[in-house]
Amino acid sequence: MICGVFSVWITQIFANMKISRYLILLIAVLTCSAFLCRGQTPASDAAAPATTSVEASAVEKKPTPEEVELQKRLEEMDREAVETAKNIRRHLRSVLEYVRGISPESANFLVEKYFGVRLIQYLAAFSTILAVFIIVRYVMGFPFAYLEKFFSRSDRTVFAKAFVSALRRPASMMVWAVGLYFALAFILRDSGTVAVTSRAVGILFWIACFWGVVIVCDAFFEGLREKLKARSASATANLIEFLRRVFKSIIIIIALLSILTNCGINVNTIIASLGIGGMALAFASQDTIANFFGSVSIIIDRPFIVGDWVKTSECEGNVEAIGFRSTRIRTFSKTLVSIPNSTLAKESVENFSKMPVRKVTQTIGLTYSTTTEQMEKALADLREAILEVEGVDRANGVLAEFVEFGPSSLDINLIYYTKRIDFAYFSATKRRVNLAIMRVVDKNGLSFAFPSTSVYIESGAEKA
């Protein structure tokens, strides 16, 4: 009854102060936990019947050593919480004695009981709540507000302002949890209720701590991902996003296990069941796991990144996206092909975007009427003319060699490199080179050969 009235009273005060809703929920959790668990006795006050009950339950199921150790640790925490509450009330009695020495009438007024609780206890609890409100709103608010303004003026810290603003909430929750514990310690006298309230405050405190760790993790990976995006390292940015989710999941799992342990639940059985379930899940999703590790190997080894021009055994095109299951390639005919990452990780992938220059190999044929001197002059002129063409890489040189007597032509093999590898530049360079070849052939009075067939007909027939 007392806890319920106190909960409604303080909640109404907080609502008038425009405190956020999660604080009102915090009060409700604490006070309802204490109210529902009234009458429980901690281990230090346990009587003989309780021991008999434990012995009876031990006959049914013998606790494991881990459970015994956990129970001892929780009982020690409960005893410390009860002793702390007694010390708090002892200081309150000292304050009352001090007031009695100054004004006995005021002391008599403060010891009057309402719903079984002295007025001085209500005043102490309210003063504690008010002090916490001032600390959170003004004392803590000033440095956080200063940091937010400071980082908002800095162009180098994109996420610092949001990080400081987000970190303010879990820090406030930690202070509220401790303050509410002290406030309830002034009012609650039952040892079992104090122990349960202490556990509830401990849970809320750890929730706030892990909440802050999650915010720090988010800010770190978000800043790292944006830096990689600025450098066009989108594939690595995808890996950073995945790592952020993994770390957040690990933090949440650790938080849940810590909370369950604080509630007196043995988490070893839960971990064992998760291990068995994980094995079953891994067996059922072998392809998914293989694709995931394939994506990790692609992102770490980086044989290609988003935007690269690649060729696989199945298709050729530009990489459009690298996911955790498959990689999507946009072909030159504008179709979209999705290839499992496990397949790409196992086969060879030709990455044309990694070419520093682009090679061109072509063969031209001259007619058989070309003389030796004309051929030698044409080869020298071709080398010189191609080197002078805009877009041809002079560092790698030009190869122009008479290589074969063809069926209907004298074949010349030409090899050169373009400075850039994109298709438009490559095609324009080839056009300029082909025009230069035609000019060299015309200048030397030569002709291009084309497939032809010579037919010889005899003038007469043999007589019988």
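Taken together, the residues in segment 87-119 that are assigned to a helix (DSSP H, G or I), among the aliphatic types (A, V, I, L, M) and closer than 16 Å to Phe186 by Cβ amount to 7.
Quick one: which residue in Arg383, Arg302, Arg330 is in the same structural domain as Arg431 (by TED's automatic domain parsing) and either surrounded by fewer than 18 Cβ atoms within 10 Å (Cβ to Cβ) or closer than 30 Å to Val433 by Cα (or both)?
Working: Arg302 fails: in the same structural domain as Arg431 (by TED's automatic domain parsing); Arg330 fails: in the same structural domain as Arg431 (by TED's automatic domain parsing).
So the residue among Arg383, Arg302, Arg330 that is in the same structural domain as Arg431 (by TED's automatic domain parsing) and either surrounded by fewer than 18 Cβ atoms within 10 Å (Cβ to Cβ) or closer than 30 Å to Val433 by Cα (or both) is Arg383.
Hey, any hits in segment 339-356 for a residue that's under 17 Å from Val306 (Cα atoms) and among the acidic types (Asp, Glu)? Yes, segment 339-356 contains at least one residue that is under 17 Å from Val306 (Cα atoms) and among the acidic types (Asp, Glu). The residue that is surrounded by the most Cβ atoms within 10 Å (Cβ to Cβ), among those in segment 363-379 that are of a type outside the set (Val, Ile, Thr), out of contact with any helix residue (DSSP H, G or I) (no Cβ under 9 Å at 6 or more places or on another chain) and touching a residue at least 12 places away in the same chain (Cβ under 8 Å), is Gly365. Among the numbered conditions (1) at pLDDT 65 or above; (2) surrounded by fewer than 15 Cβ atoms within 10 Å (Cβ to Cβ); (3) in the same structural domain as Gly212 (by TED's automatic domain parsing); (4) over 24 Å from Phe292 (Cβ atoms), the only one that Ser249 does not meet is (4).
Residues in segment 345-358: is at least one exposed (fewer than 15 other Cβ atoms within 10 Å of the Cβ), touching a Pro at 6+ places or on another chain (Cβ under 8 Å) and over 30 Å from Phe402 (Cβ atoms)? Taking every residue of segment 345-358 in turn, none turns out to be exposed (fewer than 15 other Cβ atoms within 10 Å of the Cβ), touching a Pro at 6+ places or on another chain (Cβ under 8 Å) and over 30 Å from Phe402 (Cβ atoms). Here's a check for you: in segment 400-433, which residue that is exposed (fewer than 14 other Cβ atoms within 10 Å of the Cβ) and at pLDDT 90 or above is nearest to Tyr368 (Cα to Cα)? If we take residues in segment 400-433 being exposed (fewer than 14 other Cβ atoms within 10 Å of the Cβ) and at pLDDT 90 or above, then Phe405 is nearest to Tyr368 (Cα to Cα). Residue pairs whose Cβ atoms lie under 6 Å apart, sitting 6 or more positions apart in sequence or on different chains, and linking a residue in segment 72-91 that is modelled with pLDDT of 70 or more to a partner that is outside any helix (DSSP H, G or I) and surrounded by 14 or more Cβ atoms within 10 Å (Cβ to Cβ), are Val82/Pro42.
Starting from segment 413-437, keep only residues that are in contact (Cβ under 8 Å) with a residue 40 or more places away in the chain and closer than 20 Å to Ala378 by Cα, then list their pairs with residues that are assigned to a helix (DSSP H, G or I) and among the polar types (S, T, N, Q) whose Cβ atoms are within a distance under 9 Å, requiring at least 6 positions of separation or different chains. Partner pairs satisfying both residue conditions: Tyr416/Thr429. Applying the set (1) of a type in the set (Val, Ile, Thr); (2) over 30 Å from Thr312 (Cα atoms); (3) touching a helix residue (DSSP H, G or I) at 6+ places or on another chain (Cβ under 9 Å) to Val360 leaves exactly one unmet item: (2).
Residues to consider are Lys354, Lys359, Lys377; find the one that is basic (Lys, Arg) and within 14 Å of Val441 (Cβ to Cβ). Answer to the selection: Lys377.
The values are calculated or read from the model by the stated rules, or taken from the named source; none is laboratory data. All of these numbers come straight from a predicted model, not from anything done at the bench. Virtual Cβ from ideal backbone geometry, glycine too; neighbours counted across all protein chains shown.
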